[in-house]
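The values are calculated or read from the model by the stated rules, or taken from the named source; none is laboratory data. Everything quoted here is computed from the prediction, not taken from an experiment. All Cβ positions, even for glycine, are placed from backbone atoms using ideal geometry, and neighbour counts span all protein chains on display. Side chains included, ligands, DNA and RNA excluded: accessible areas come from the protein's heavy atoms. Shrake-Rupley method; radii C 1.70, N 1.55, O 1.52, S 1.80 Å.
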Amino acid sequence: GLVSSDGTPLRQSALGVDVGRGGNFTVLAPRYGNLVPELYRDHTPNVMHVVGLVMMHRHDSRAVVDVIGLGAGAVDRLRELDIPVLGFNAGRHTDATDVSGELGFVNLRSAGWWNLRELLDPSSGSEITLPPDDRLTGDLTAPTWKVPSGKIVVESKDTIFERLKRSTDDGDAVMMAFTSPEM
């Protein structure tokens, strides 16, 4: 397993899972504190296969699984197996605010992406470590945002897809790995 610089074993905090649909990859992002050492990509669009991937890559942590589309079946099956899972519904309402406490979000997806943005800000002191991966870097720098009427709106996956001609699966998995149940 992974160990810290002082030799202490690292415990997995969460496993972010963006379930592939329509030819996209299923991406798993295991998080150990502020470290995501690597991403796992799989191209098998099968609910039970996704459940197997979660079982293989989840180590005593909760899985945060995209519950829209194929992910709904995976979340249901993981719950049947008594696996700690948080179904991530991107369109769900949230009362979360930005770090200033002044701006809210139109949905959970916007809150999750903004949370990751704030954590990656060098002035936050969170010292997040992500794998050196050009696709992930592209995903994390792709979304635009706006603030109409006091709520942050992060660009939709569909709009990003139209612009990039690909989905931000890697970025979404990492974002979900850093999502807290309180959001």
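Which residue out of 85, 106 is within 17 Å of residue 17 (Cα to Cα), out of contact with any Gly (no Cβ under 8 Å at 6 or more places or on another chain) and among the aliphatic types (A, V, I, L, M)?
Values: 106 fails: within 17 Å of residue 17 (Cα to Cα).
Testing whether each residue is within 17 Å of residue 17 (Cα to Cα), out of contact with any Gly (no Cβ under 8 Å at 6 or more places or on another chain) and among the aliphatic types (A, V, I, L, M) leaves just 85.
Any residue at all in the stretch 160-179 that's more than 27 Å from residue 61 (Cα to Cα) and open to solvent by less than 20 Å² (accessible area, probe 1.4 Å)? It would help to see each step written out before you state the result.
Taking the stretch 160-179 and keeping what is more than 27 Å from residue 61 (Cα to Cα), we get 160-166.
Okay, now just the ones that are also open to solvent by less than 20 Å² (accessible area, probe 1.4 Å), so 160.
Within the stretch 160-179, one or more residues are more than 27 Å from residue 61 (Cα to Cα) and open to solvent by less than 20 Å² (accessible area, probe 1.4 Å).
I'd like the full set of residues that are open to solvent by less than 40 Å² (accessible area, probe 1.4 Å) and assigned to a helix (DSSP H, G or I), limited to the stretch 126-139. Don't jump to the end; show me each part of the working.
Of the stretch 126-139, the ones open to solvent by less than 40 Å² (accessible area, probe 1.4 Å) are 126, 128, 131, 133, 136, 138-139.
Within the stretch 126-139, 136, 138, 139 qualify.
With the requirement that a residue be under 18 Å from residue 115 (Cα atoms) and modelled with pLDDT under 90, what does the stretch 146-156 give you?
Pass one, the stretch 146-156, residues under 18 Å from residue 115 (Cα atoms): 146-147, 150-156.
Within the stretch 146-156, 150 is the sole residue that qualifies.
If you take the residues of the stretch 1-17 that are among the β-branched types (Val, Ile, Thr) and loosely packed, with under 15 Cβ neighbours inside 10 Å, which of them is nearest to residue 116 (Cα to Cα)?
Taking the stretch 1-17 as the starting set, the residues that turn out to be among the β-branched types (Val, Ile, Thr) are 3, 8, 17.
Then keep just the ones that are loosely packed, with under 15 Cβ neighbours inside 10 Å; that gives 3, 8.
Values: 3: 24, 8: 26 Å.
Top of the filtered list is 3.
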